[in-house]
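Next up is a structure, given as structure tokens.
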Amino acid sequence: MSETKEALNAFAIDIKRGLQSSPKSLPSMYFYDETGDALFQKIMDLDEYYLTRAEFEIFVRQKEEILDAFLGDDQTFRLVELGAGDGTKTKVLLAHFLNKAISFTYSPIDISGNVLDQLKEDLNGELPSLKVEPIVGEYFSALEDLASNDSSKEVVLFLGSNIGNFDRAAGVSFLTHVGENLSSGDLLLIGFDLMKNPQKVLSAYNDKEGVTKAFNLNLLTRINNELGANFNIDNFDHFPTYDPLTGETKSHIVSKKEQTVYIEALDESFSFDAWEAIHTEVSQKYSHKMIQEYAEEAGFEIVRNFIDSNQYFVDSLWRKR
Ligand SMILES: C[S@@+](CC[C@H](N)C(=O)[O-])C[C@H]1O[C@@H](n2cnc3c(N)ncnc32)[C@H](O)[C@@H]1O
């Protein structure tokens, strides 16, 4: 119970900080309540959202090479996944590893207990022989748990271009922190969404059906439900941008009129100007050069890049130096 209360407090504190800052912002990690998890699963099926299909194709077509690279000279490893979500793509690898009679433990980490419960249930049904040890928590606190395990080789998955939710400095610092909790020779497989036709990128965050809009605005519904706020969702809109110079996609919630919203848990009101934007998420797109620089700066060397047939996406395998 106290854990839930602490999480709620952290949520309230982060919302307050974001709405008090200029420009206003809200942390993207709070997208994922039960509704947010379900909306993200719908996003992954959208025609416009090429990322999931590209990474799925990489795993289907290159699973043998991926397993060989994971094993190297070893017989086994511990597989850890940061921000596992529903594990759709990971299951391709898990099933292949079991088929090859590799003995390993899978530890999915996610801030959403709901999505991890679903994943554990799915895996128990689909891959009953798999040893699953889920960890509900924020990346950084879960990383501390990782550090205490030094018995076997660690292979850490960070898929779906989740890394793109950090800006450059925060991304390198995050990956450095991951590395500090690994031993020399441990591996990290990171999904990076590559720079491509800017129109294609933008459409992925602005689908025709409006699912991404609903996903973005659900953050306000979550604040209403969990913090007793009175956001009128119809008074806000979704507006994504893509900058092909920097590779940065940004999602915003825009206030369609001048308005004030009261948040009961904070006993505080927040004012919005007409057309004022709240930044909610960054989704960085990468060049191969940027990926090389990230790896070097974070203390890793690139072992191999696994790329899809359209060259939209790369799963880059890094070794801790
Ligand atoms: C965009 S989804 C991607 C899921 C999966 N990696 C994939 O590629 O399909 C991001 C997932 O990361 C989780 N997540 C986001 N921020 C997190 C954080 N700071 N700590 C732990 N999990 C987080 C979310 O709950 C969500 O399930």
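The values are calculated or read from the model by the stated rules, or taken from the named source; none is laboratory data. None of these values were measured; they are calculated from a predicted model. Neighbour counts run over all protein chains shown; Cβ positions are idealised from the backbone, glycine included.
Failed condition for residue 131, given (1) basic (Lys, Arg); (2) more than 12 Å from the ligand (Cβ to nearest atom); (3) in contact with a helix residue (DSSP H, G or I) (Cβ under 8 Å, 6 or more places away or on another chain), with all others met?
(3)
With more than 15 Å from the ligand (Cβ to nearest atom) and of a type in the set (Asp, Glu) as the only criterion, which of 121, 144 stands out?
121
Within the bounds of segment 147-163, is there any residue that is in contact with a helix residue (DSSP H, G or I) (Cβ under 7 Å, 6 or more places away or on another chain) and part of a helix (DSSP H, G or I)?
So far as segment 147-163 goes, yes, one or more of its residues are in contact with a helix residue (DSSP H, G or I) (Cβ under 7 Å, 6 or more places away or on another chain) and part of a helix (DSSP H, G or I).
Report yes if residue 184 is outside any helix (DSSP H, G or I), among the polar types (S, T, N, Q) and either touching a strand residue (DSSP E or B) at 6+ places or on another chain (Cβ under 7 Å) or surrounded by fewer than 16 Cβ atoms within 10 Å (Cβ to Cβ) (or both), otherwise no. Explain how you work it out, then say what you get.
Numbers: outside any helix (DSSP H, G or I): yes; among the polar types (S, T, N, Q): yes; either touching a strand residue (DSSP E or B) at 6+ places or on another chain (Cβ under 7 Å) or surrounded by fewer than 16 Cβ atoms within 10 Å (Cβ to Cβ) (or both): yes.
Against the criterion (outside any helix (DSSP H, G or I), among the polar types (S, T, N, Q) and either touching a strand residue (DSSP E or B) at 6+ places or on another chain (Cβ under 7 Å) or surrounded by fewer than 16 Cβ atoms within 10 Å (Cβ to Cβ) (or both)), residue 184 qualifies.
Further question on the same structure: From the list 301, 281, which one is in contact with a Phe, Trp or Tyr (Cβ under 8 Å, 6 or more places away or on another chain), over 24 Å from residue 201 (Cβ atoms) and outside any helix (DSSP H, G or I)?
Numbers: 281 fails: over 24 Å from residue 201 (Cβ atoms).
Sole residue among the options that is in contact with a Phe, Trp or Tyr (Cβ under 8 Å, 6 or more places away or on another chain), over 24 Å from residue 201 (Cβ atoms) and outside any helix (DSSP H, G or I): 301.
Mind checking which residues of segment 304-321 are aromatic (Phe, Trp, Tyr) and part of a strand (DSSP E or B)? Break it down into steps so the answer makes sense when it comes.
The initial filter retains those residues of segment 304-321 that are aromatic (Phe, Trp, Tyr), namely 306, 312-313, 318.
Within segment 304-321, 306, 313, 318 meet the criteria.
Can you tell me which residues in segment 18-43 are out of contact with any strand residue (DSSP E or B) (no Cβ under 9 Å at 6 or more places or on another chain) and away from the ligand (no atom under 15 Å from the Cβ)?
Answer for segment 18-43, where residues must be out of contact with any strand residue (DSSP E or B) (no Cβ under 9 Å at 6 or more places or on another chain) and away from the ligand (no atom under 15 Å from the Cβ): 21, 22.
Given the options 155, 136, name the one that is within 12 Å of the ligand (Cβ to nearest atom) and not aromatic (Phe, Trp, Tyr). Explain how you work it out, then say what you get.
Values: 155 fails: within 12 Å of the ligand (Cβ to nearest atom).
From the options 155, 136, the qualifying one is 136.
Filter segment 93-116 for residues that are buried (at least 19 other Cβ atoms within 10 Å of the Cβ), more than 12 Å from the ligand (Cβ to nearest atom) and more than 15 Å from residue 60 (Cα to Cα) and give the result.
Residues satisfying the conditions are 104, 106, 107.
Select the helices (runs of 4 or more DSSP H) contained entirely in segment 1-105, then report the ones holding at least 2 residues which are more than 24 Å from residue 115 (Cα to Cα) and of a type outside the set (A, V, I, L, M).
On the way: elements: 2-20, 34-45, 50-71, 90-99.
Ranges flagged: 2-20, 50-71.
When segment 270-311 is examined, which residues are found to be hydroxyl-bearing (Ser, Thr, Tyr), surrounded by 20 or more Cβ atoms within 10 Å (Cβ to Cβ) and in contact with a strand residue (DSSP E or B) (Cβ under 6 Å, 6 or more places away or on another chain)?
First, pick out the residues of segment 270-311 that are hydroxyl-bearing (Ser, Thr, Tyr): 271, 280, 283, 286-287, 294, 309.
Of the ones still in play, those that are also surrounded by 20 or more Cβ atoms within 10 Å (Cβ to Cβ) are 280, 283, 286, 294.
Passing the criteria: 280, 283, 286.
Could you list, in sequence order, all residues of segment 44-64 that are touching a strand residue (DSSP E or B) at 6+ places or on another chain (Cβ under 7 Å) and away from the ligand (no atom under 12 Å from the Cβ)?
Residues of segment 44-64 touching a strand residue (DSSP E or B) at 6+ places or on another chain (Cβ under 7 Å): 51, 54-55, 58, 62.
Matches in segment 44-64: 62 only.
Between 221, 212, 249, which is in contact (Cβ under 8 Å) with a residue 12 or more places away in the chain and not in a helix (DSSP H, G or I)?
Values: 221 fails: not in a helix (DSSP H, G or I); 212 fails: not in a helix (DSSP H, G or I).
The conditions single out 249.
What residue, among those in segment 246-269 that are of a type in the set (Asp, Glu) and farther than 22 Å from residue 314 by Cβ, is surrounded by the fewest Cβ atoms within 10 Å (Cβ to Cβ)?
To start, the set of residues in segment 246-269 that are of a type in the set (Asp, Glu) comprises 248, 258, 264, 267-268.
Applying the additional criterion that residues be farther than 22 Å from residue 314 by Cβ yields 258, 264, 267-268.
Values: 258: 12, 264: 11, 267: 8, 268: 14.
Filtering segment 246-269 for residues that are of a type in the set (Asp, Glu) and farther than 22 Å from residue 314 by Cβ, the one surrounded by the fewest Cβ atoms within 10 Å (Cβ to Cβ) comes out as 267.
Let me ask another. So, in segment 168-202, how many residues would count as being of a type in the set (S, T, N, Q), over 28 Å from residue 153 (Cβ atoms) and modelled with pLDDT under 95? Write out each step before concluding.
Step one: filter segment 168-202 for residues of a type in the set (S, T, N, Q), giving 173, 176, 181, 183-184, 197, 199.
Filter once more, keeping what is over 28 Å from residue 153 (Cβ atoms): 197, 199.
In the following step, the residues that additionally are modelled with pLDDT under 95 were identified as none.
The number of residues fulfilling the criteria is 0.
I need the full set of residues from segment 65-92 which are hydrophobic (A, V, I, L, M, F, W, C), in contact with a strand residue (DSSP E or B) (Cβ under 8 Å, 6 or more places away or on another chain) and within 16 Å of the ligand (Cβ to nearest atom), in order please. Please lay out each step first, then the result.
Just the residues of segment 65-92 that are hydrophobic (A, V, I, L, M, F, W, C), to begin with: 66-67, 69-71, 77, 79-80, 82, 84, 92.
Add one more test, that the residue is in contact with a strand residue (DSSP E or B) (Cβ under 8 Å, 6 or more places away or on another chain), and what stays is 66, 69-70, 77, 79-80, 82, 84.
Once the filter is applied, which keeps residues that are hydrophobic (A, V, I, L, M, F, W, C), in contact with a strand residue (DSSP E or B) (Cβ under 8 Å, 6 or more places away or on another chain) and within 16 Å of the ligand (Cβ to nearest atom), segment 65-92 yields 66, 79, 80, 82, 84.
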